Amino acid sequence: MTFIAYGLYFAALTGLAWALAAAMQRVFDGRLPSGMLRVETALLRGAGVDPARGMTWLGYGMAVLAFNLAGFVLLYTLLRLQGALPLNPDGIGGMSADLAFNTAVSFVTNTNWQAYSGEAQLSYLSQMAGLTVQNFVSAGTGMAVAVAIVRGFVAPKGTTLGNFWLDMMRSVLWILLPLSIVLALFLAAQGVPQTLLGAVTATGVEGGEQIIARGPAAAQIAIKQLGTNGGGFFGVNSAHPFENPTVASNLAQCLSILLIPVSFCFLFGRMAGDRRQGWAIFATMAILFVAGLGVVHAYEVAGNPALGLGENMEGKEQRFGAMLSALWATSTTAASNGAVNAMHDSFMPLSGMVTMVLMQIGEVVFGGVGAGLYGMLLYVVLAVFLAGLMVGRTPEYLGRKIESREVTLAVLAFLSMPLGILVGGAIAATVPQALAAVQDPGPHGLSEILYAYSSATGNNGSAFGGWGAALPWHTTALGVVMLIGRYAIILPMLAIAGSMIRKPKAAATSGTFPTHGPLFVTLLILTVLILGALTFFPVLALGPIAEETARLAGQSF
Amino acid sequence: MLTHLRPALSLTLLFTLLTGLAYPLAMTGAAQALFSDAANGSLIERDGTAIGSSLIAQGFAGAGYLQPRASASGWNAAGTGASNLGPTSAALIAQVAERRAAFEALNGAPAPIDAVTASGSGLDPHISPENALAQVSRIAAARNADPAAVRAVIEAAVERPLLGLYGLPVVNVLRTNLALDAALAL
């Protein structure tokens, strides 16, 4: 039964993503009805943009930075001043400077790390005009950047990667917005609130008073899943019965988390003019995903004997149980989403480790919308380079030579993960005012720190929730590593694309290493595991692996 | 960078209006028109005042009622939270042992796992059918009712997994307690 359930889910996911990839190709190629073209052109011209003008990698990168900076400034201001602004029925005050910095960076970088609790610390205006907007445009930014980078690899020789404003607008208007409308209405029908009325005070059956927070949640949750954002309307995110009331809402959201990231694999194949290239990337990610899911599923269903017989239900919702919580946890950490429908802090040690590894390898198992694909292209560059070293030929990918400039840039981008996670985490594990955030003693406490810095650097946003994310040390430090994890990968990857597009394309010969077969998929998986996972193995041994060993010996902390 | 300033600012403004105001307001309008009960929080009302939401757990102390799963935040529906205690936490193991002893003393039946663990949201509206059935004799005694009648109300309330494949069987605590009140005097 388990296999049928998972099989149906993956079949639906792959089918939907396959169909969406075809539509996305039309959108990014501009093969759209003339009315839609007129709308986007008019809006762009109004903003002073000539959509026909291509941008070099540097111009594209600068446009990304300018747009994200403007979004940051607006969101930061809104959060600080929300107490004096309208649409605030529950009378919530302005945010402190460090928390507003953390939150604004978090949403602009598509991380959606939440050091605050939505129902207690955000007005409806901040949720809508602040967070929902960044849910859309940070996702649109990731998609645009991915499309530009893919053009660098596949387009004929040239100098420009496309127009950021046009790519971003098309992502939001024609892909994210229509999908969100459908999902938002489905979720509202399932019981997710979508109302401007404030909290309701209920008098319970036994006479006790219960204040029930609600709000315009469905619209935000739709884009939070589709855009791999993950920031919940309520503090406990998608475990909250108002965010995720039914098994049907859970499946729809879980599919939405992976939908666009999976589509990007197929879109890549289509843009490359060789769909096998897309399947190879898809196969690599799918194999890693299923391996991770297998571990999480097995441990969560087997449960925690220290708590009693049955599934590991601490921190889980009864309507989902261990299986749907395992599927969600794997999806949300693979896809850089970060929404949770169960508390990862209470997962078994090795399930928790899998979710960490999925983030630490750089969110490349489907990954964030767009970000997952260009993250995997980073590993592709390194894998092709390694293959070239092994056979003694100049490495090539899609007909273009991979040379020292590309490899240097790829290594540079790769280093942002250990920089954010190991350096950021090591500081957090030694400075006393940072250590105060740790809730659990023993190796699990180290896992809490490691998870937080992995999540922020990977732009994931989920957390081991017992950890005190609201300490000013961490709101600031995590804000910085979120920026590193986003832009220290985007800019080098754009630079690689800008360098690739200037090279002539050579026809494949009998000596060309094919990048679409099982051999390449194996090599790519090994590259991800050796480079990505081994970097973090020593610290994982001190955290989750030590905890598992202690648990098996019957020890508690 | 300066050449990008105008598009950056004007498009940020445009998307704020479009995705930050028009989209959520349009969704609010549509959801209110199409399914206003669900869109307003699935509230259950009695004599015109809300007694709770069918999606949100509330505490029950009386012996005549099904009890919900433990909540790390005391069923606070305006400030949710989980225990977030790790799998080797001595504090968690002690909490669970305490809940098990209390459940078994109260109900005279072994406690299923969902009865001794705290939910993720702190507002889990459901319990497992085994958990509900373990509470039958206590509820029947408190209501001076035939245990078979209590059992019948609970069994009628069991919701099955979607397509028989996804999720666990559940009993909605608030709705079932209202059904018990309707069927059997307290």
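Here are some notes:
- Cα-centre dipole for region B:53-137 with unit charges at Cβ (Lys and Arg positive, Asp and Glu negative), debye to 20: 80 debye
- A Förster distance of 35 Å, applied to the separation of the beta-carbon atoms of residue A:393 and residue A:436, puts the FRET efficiency at 0.05.
- Relative contact order [Cα under 8 Å, 6+ residues apart], chain A, whole percent: 18 percent
- In this structure, the amide hydrogen of residue B:44, modeled 1.01 Å from its nitrogen in the peptide plane, lies closer than 5 angstrom to those of B:51, B:52, B:53, B:54, counting only residues at least 5 positions away or on a different chain.
- Pair residue B:146, residue B:34: separation of 7 Å Cα→Cβ label points (nm): 4.6 nm
- 12 Å tail of the calculated P(r), region B:1-40, as % of Cα pairs: 64 percent
- Sites residue B:156 and residue B:91, calculated FRET efficiency, Cβ-Cβ separation with R0 35 Å, nearest 0.05: 0.35
- With both labels modelled 7 Å from their Cα along Cα-to-Cβ, the residue A:309 to residue B:46 distance reads 3.7 nm.
- Tensor-based shape of region A:414-557 (alpha-carbon gyration tensor, a/c under 1.5 rounded, otherwise prolate or oblate): oblate
- Prolate/oblate/rounded label for region A:218-358 (Cα gyration tensor, a/c 1.5): oblate
- Relative exposure of A:271, A:36, judged by other C-beta atoms within 10 Å (fewest first): A:36, A:271
- Listed residues A:179, A:225, A:554: farthest to the positive end of the dipole of chain A (Cβ charges): A:179
- Put in order of Cβ neighbour count within 10 Å, fewest first, the listed residues B:128, A:263, B:10, A:455 become B:10, B:128, A:263, A:455.
- Anisotropy class of region A:1-83 from Cα gyration tensor, a/c 1.5 cut: oblate
- Applying the criteria of a DSSP loop state and at most 16 other Cβ atoms within 10 Å to the GluC sites (Glu not before Pro) of region B:24-113 yields no site.
- P(r) weight above 26 Å for region B:51-183, C-alpha pairs, percent: 21 percent
- Taking the Cα centre of chain B as reference, the dipole from Cβ charges on Lys and Arg (+1) and Asp and Glu (-1) amounts to some 280 debye.
- Residues of type lysines that residue A:157 reaches as a straight line, Cα spacing below 19 Å, ignoring anything fewer than 8 places off in the same chain: A:401, A:503, A:505
- Subtracting the Cα-Cα distance of residue A:1 and residue A:209 from their residue separation scaled by 0.36 nm leaves 70.6 nm.
- Dimensions (Å) - region A:84-175, Cα atoms, principal axes, largest first: 57, 25, 17
- Residue-by-residue Karplus 3J(HN,Hα) for region A:488-499, coefficients 6.51, -1.76, 1.60, Hz, glycine and proline x: 6, 10, 4, 5, x, 5, 5, 5, 4, 4, x, 7
- Reported to the nearest whole Å, the Cα centre-to-centre distance from region A:405-425 to region B:122-142 is 53.
- If you take the alpha carbon atoms of chain A and fit the smallest convex hull around them, that volume is 153 Å³ per residue.
We did not get these values from a lab; they are worked out from the coordinates using the rules stated. Since the structure is predicted, the reported quantities are computational estimates derived from the model, not experimental observations. Virtual Cβ from ideal backbone geometry, glycine too; neighbours counted across all protein chains shown.
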